[in-house]
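The values are calculated or read from the model by the stated rules, or taken from the named source; none is laboratory data. Note that this is a predicted model, so its numbers are computed, not measured. Here the Cβ is made from the backbone with ideal geometry for all residues, glycine too, and neighbour counts use every protein chain on show. When the accessible area is computed, the model is the full protein with side chains, heavy atoms only, and any ligands, DNA or RNA have been set aside. Shrake-Rupley method; radii C 1.70, N 1.55, O 1.52, S 1.80 Å.
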Amino acid sequence: MVAVINFGGQYAHLIARRIRELGVKSELFPPEISIQKITDLSPDAIIFSGSPFSVYDKKAPHINPKIYELQIPILGICYGQQLIAYQLNGSVSSHDSKQFGKENLKIGKSQLFEGLKKTETVWFSHGDQVDKIPLGFTIIASSKNAKVAGIQNPTSKIYGIQFHPEVTHTPSGRKILSNFLFTIANTKKDWDLKKQKDEIINSLSHKIKYHRVIMAISGGVDSLVAAALLKEAIGNNLHLVFIDTGLLRKNEVSEVQSIVKKVGFVNFKISNSSERFLSALKGVTDPEEKRQIIAKHYFAIFEEEAKRIKSVKYLAQGTIYPDRIESAQPTKHADKIKSHHNLTLPKGLELEIVEPLAEFYKDEVRKIGAILGINQQFLLRHPFPGPGLAIRILGEVTKERLSILREVDYVLISELRSAGLYDKVGQAFAALLPVKSVGVMGDARTYSYIVSLRSVDTQDFMTADWSKIPFSVLEKISSRIVNEVRGVNRVLYDITQKPPATIEYE
Ligand code: XMP
């Protein structure tokens, strides 16, 4: 097992995922983790993540320096490297030339870089740098802007790199992590999803087989795969509810009905609650307020449903690992960006929580789904956020705006499918901007909404690049939208990466 210490960097999860992709179990822990706990866990290796802080900040997360005496191999990434240098009596400084983006890295001799070329492209994202390396360390990599881009002390098996091996912008990143895991730390491969699936079903069956479980499915992959696992474990004791918030995509309800039938769920109810959500959202424009209102009503409805199905003991959720860790710990050190509504549980709901997928990342969930026989087209559906179209209509959500956006989204998705691009991009959708612009149609002036199309390429949804959709496809989508959807006369294509933008607009 590899312990990733999460200092609040945006890429901390990505590091853990990359390690699992290499076949090794990895988990995130907060910097406050005690030395006793680390000793009990006895990880084969430890990785320090990045952080939005500078090591000298008053609130900067540090770790107990006794960690360096445990003889467990450590790799510090970005802030992780700076922290190692700082805590072991080197020094770090803030530079005027901040490094964000790709750079050429000159590689020195180190087991960490075995099999790499002398010069590699790597991704930097930081402001501070190590100035003076600690005693016993040597510099193993440098770039134009970072003289100390990599350090090592092979005797104590402590390594640091200033760049990010976990992002796809560092093509040899996987090799670097693999060298650290298998050459330096002697880690064994132990993460196998087929085995994990059997274990989950056995343990669910053992724990809750004779009790009723209620679960809300969202139409997304996570909740469906979680429900399918539960079905294997407890059969007809599983009760599914699908809440139609009125904030869904076109045809969503019928698509969910069809997959529910295919998987063979028995107890399934659709709660039609569009009016309730729309009236609660009337006049609301603040993104966080929208999210809170939707969450509140969602759970109230859910609670009503739970009461209707008598003697329910458990509430199952499609929570996945990043959701769980994000809500549990990080946030002391990471900026809160958006409150995902999936986890805000209502107080007083006397149900025990079951989260069959709590240990897994999204791509792992898809693989488990495939092992369970869920069809690929469903598993490859793009994610759809719990608050639905409400966070893709900037400003107030109205019936008119919803129906415009639904049609625009439908055109976009259909055209991406027919161009064979839907499965190639990570997530595509349209957003409605609450401003109008002037246009001309026939000979008449129009004054209509602007929509923005967003399509991103991403593996993990934590970082993303905008998809390079061919102009001919964009042209077709745009002309279909302005011709077919009343109320829109201008189409934009969003070319912003995440970070700095998020994928959704609110
Ligand atoms: P952002 O916008 O944070 O989104 O870059 C990352 C991924 O998360 C999805 N998302 C949500 N999913 N409930 C969800 O279930 C939410 O409240 C929520 N907000 C964002 C988003 O669609 C993207 O895939």
Could you run the Karplus curve 6.51 cos²θ - 1.76 cosθ + 1.60 with θ = phi - 60° over segment 149-159 and give me ³J(HN,Hα) per residue in whole Hz, x for Gly and Pro?
-> 9, x, 9, 8, 9, x, 5, 8, 6, 10, 10
Using the Cα centre as the reference, give the magnitude of the dipole from point charges on the C-beta atoms of the chain (Lys, Arg: +1; Asp, Glu: -1; all else neutral), rounded to the nearest 20 debye.
-> 460
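Work out, step by step, the length gained on full extension between Ser203 and Glu475: first 0.36 nm times the residue separation, then minus their alpha carbon distance; give nm to one decimal.
92.8 nm
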5 angstrom amide H check on Thr446, placed H, neighbours 5+ away = Gly439, Val440, Met441
Residue-averaged [θ]222 nm for the chain, counting only DSSP H segments that reach four residues, each worth -39500 (n - 2.57) = -9500 deg cm²/dmol
Considering only protein heavy atoms, what per residue accessible area in square angstrom results for segment 398-493 with a 1.4 angstrom probe?
-> 49
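Please compare each pair in Lys282/Lys436; Lys109/Lys468; Lys195/Lys362; Lys59/Lys188 to a cut-off of 28 Å on the Cα-Cα distance and tell me which ones are over it. Walk me through the numbers before you get to the answer.
Working: Lys282/Lys436 20 Å; Lys109/Lys468 37 Å; Lys195/Lys362 17 Å; Lys59/Lys188 36 Å.
Distance filter (> 28 Å) returns Lys109/Lys468; Lys59/Lys188.
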Note on segment 228-332: alpha-carbon gyration tensor, axes a ≥ b ≥ c; rule is a/c under 1.5 for rounded, else prolate if a/b larger than b/c, else oblate; result oblate
With no solvent and one equal point scatterer placed on each C-alpha of the chain, evaluate the Debye formula and give log10 I(q)/I(0) for q = 0.10, 0.12, 0.13, 0.14 Å⁻¹, two decimals.
-> -0.87, -1.16, -1.28, -1.38
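At 1.4 Å probe size, with every protein chain present, just tell me what the per residue accessible area of segment 2-184 comes to in Å². Walk me through the numbers before you get to the answer.
Numbers: 7420 Å² over 183 residues.
Spelled out: the 1.4 Å probe surface of segment 2-184, per residue, equals 41 Å².
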To the nearest 0.05, the calculated FRET efficiency linking Glu359 and Lys102 through their beta-carbon distance, R0 being 35 Å, is 0.60
Scoring the chain by relative contact order with C-alpha pairs under 8 Å, at least six apart, yields a percentage of 11
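Could you please put Lys362, Lys37 in sequence from largest to smallest accessible area, using a 1.4 Å probe?
Accessible-area ranking of Lys362, Lys37, largest first: Lys37, Lys362.
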Collect residues whose amide H, placed 1.01 Å from N in the peptide plane, falls under 5 Å from the amide H of Lys436; neighbours closer than 5 in sequence don't count.
-> none
With every protein chain kept in place and a 1.4 Å probe, segment 193-379 has an accessible area per residue in Å² of 47
For the chain, the accessible surface attributable to carbon and sulfur atoms (probe 1.4 angstrom, ligands and nucleic acids excluded) amounts in percent to 50
Taking R0 as 25 Å and r as the Cβ-Cβ distance between Met441 and Asn251, the FRET efficiency 1/(1 + (r/R0)^6), rounded to the nearest 0.05, comes to 0.35
By how many nm would the segment from Asn272 to Tyr210 grow when fully extended, if each residue of separation counts as 0.36 nm and the alpha-carbon distance is taken off?
-> 19.4 nm
What is the spin-label model distance, in nm, from Lys189 to Glu400 if the labels are put 7 Å beyond Cα along the C-beta direction?
-> 5.9
How high is the FRET efficiency between Asp131 and Lys66 when r is their beta carbon distance and R₀ equals 25 Å, given to the nearest 0.05?
-> 0.50
Shape call for segment 398-493 from the C-alpha gyration tensor, a ≥ b ≥ c root eigenvalues: rounded (a/c under 1.5), prolate (a/b greater than b/c) or oblate?
-> prolate
Computed on Cα atoms only, the convex hull of segment 193-379 has an orientation-averaged projected area in nm² of 11.2
Where chymotrypsin sites (Phe, Trp or Tyr not before Pro) in DSSP loops with at most 15 other Cβ within 10 Å are excluded, longest remaining stretch of the chain | 211-506
Considering only DSSP beta bridges where both residues belong to the chain, give the percentage that are antiparallel (nearest 5).
-> 50
Among Gln36, Ser479, Phe124, which residue has its Cα positioned farthest towards the positive end of the charge dipole of the chain, with +1 placed on the Cβ of Lys and Arg, -1 on the Cβ of Asp and Glu, and the dipole taken about the Cα centre?
-> Ser479
Rounded to whole Hz and in sequence order, give me ³J(HN,Hα) for segment 128-135 from the Karplus expression 6.51 cos²θ - 1.76 cosθ + 1.60, θ = phi - 60°, writing x for Gly and Pro.
-> 8, 9, 6, 9, 10, 7, x, 4
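In segment 1-82, which GluC sites (Glu not before Pro) fall in coil by DSSP and have 16 or fewer other Cβ atoms within 10 Å?
Those that pass, being in a loop and sparsely packed, are Glu32.
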Among the DSSP H helices of the chain, those whose Cα atoms extend at least 18 Å along the helix axis and whose mean Kyte-Doolittle hydropathy is -1.0 or higher are 193-208, 221-234, 399-418, 471-484
Under-5 Å amide H pairs with Val354, H placed in peptide plane, nonlocal only | Leu315, Ala316, Gln317
Restrict the search to segment 74-139; then list the trypsin sites (Lys or Arg not before Pro) that DSSP places in a loop and that have at most 11 other Cβ atoms within 10 Å of their Cβ.
-> Lys109, Lys117, Lys118
Lys/Arg Cβ at +1, Asp/Glu Cβ at -1, dipole of the chain taken about the Cα centre: which of Ser258, Ala431, Ile140 is farthest positive-ward?
-> Ser258
Determine ³J(HN,Hα), in whole Hz, for all residues of segment 423-435 in sequence, where each value follows from phi through the Karplus function 6.51 cos²θ - 1.76 cosθ + 1.60 and θ = phi - 60°; x replaces Gly and Pro.
-> 6, 8, 8, x, 7, 10, 6, 10, 10, 9, 8, x, 10
